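Read through the structure below, which is laid out as structure tokens, and then see the notes.
Nothing in this text is a laboratory measurement; each read-out follows from the coordinates by a stated rule. Keep in mind it's a predicted model, so treat the numbers as computed, not measured. Cβ atoms come from the backbone with ideal geometry, glycine included; neighbour counts cover every protein chain shown.
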Amino acid sequence: MTTLITLFHPNYGQSNANRALANAAGALDAVEIVDMYGLYGEGGTIDMDLEVARLIAADRLILQFPVMWYAPPPPLNAWQDAVLTRMYYIAAEEGERLRDMPVMVAATAGNVPEAYSSQGINLFPLVDLMKPLQASASRCCWRWTEPFLLHAANRMGDEALAGAGRDYAARIAAWRTGDGAASMAQ
């Protein structure tokens, strides 16, 4: 069973949190991590055939990214616009091959959980900011999984980052065995 992690981070090499998560996930069997910024940069031309083939070959999909201005980084949206439009509107038979594919978001945010509340500076819970991705998953007939969310990611020390990585890897392992009730990180 292959889990594809598409990683959208503009400064991945400098991201302690996303690297800790990716490193821990990458230690699991049958996990493929693709640094989408590394491949395409910001605004690069997406290799549609490669991305479609990558999705079709996967059994599960994780979209991993830092939250930037209450949303995923722009290349994730560009990837959706290009790849999902092709798979679900132009060549629908490709998208049909992914019916019921489990999908999960793994997102990091710099602020504390309290900031992501109706009383906090960010007004909405972080999980609510993932609703557009959940809507996309629904449109694609994918099985949405509760996101793995990491708050205060840029404030964590090495020990906390290692713990977050272990939690992420455990969450992926539980998800792959069918335990959809696995808890989210805070």
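A crude spin-label estimate for the pair Ser118 and Ile56, with each label 7 Å from Cα along the Cβ direction, gives 4.7 nm. A Cα-only calculation for segment 91-174 places Rg and Dmax at 15.5, 46 Å.
Rg then Dmax, both in Å and based on the Cα atoms of segment 33-108: 12.4, 35.
Quick one: what do you get for segment 1-57 if you divide its Cα Rg by 2.2 N^0.38 Å? Write down the numbers at each step before the final one.
Details: Rg = 12.0 Å, N = 57, 2.2 N^0.38 = 10.2 Å.
Cα-based Rg divided by the globular estimate yields 1.18.
Only Cα pairs under 8 Å and 6+ residues apart enter the sum, and on that basis the relative contact order of segment 3-176 stands at 27 percent. Going from the residue with the fewest nearby Cβ atoms within 10 Å to the one with the most, Thr2, Thr108, Thr177, Thr145 rank Thr177, Thr2, Thr145, Thr108.
Between Gln14 and Glu146, the contour length at 0.36 nm per residue exceeds the Cα-Cα span by 44.8 nm. Could you give the distance between the Cα centres of segment 95-161 and segment 19-42, to the whole Å? Going from one Cα centre to the other spans 17 Å. Evaluated on the chain, the Kirkwood hydrodynamic radius is 16.7 Å, with distances taken between all distinct Cα atoms.
Only bridges with both residues in segment 63-186 count here: give the DSSP antiparallel percent, nearest 5.
10
Here Phe124, Phe65 are placed in order of increasing Cβ neighbour count within 10 Å, fewest first, which gives Phe124, Phe65.
Here the relative contact order of segment 75-148, from alpha carbon pairs under 8 Å that lie six or more residues apart, stands at 36 percent.
Compute the length gained on full extension between Gln80 and Ala162: take 0.36 nm times their separation in residues and subtract their Cα-Cα distance, giving the result in nm to one decimal.
26.5 nm
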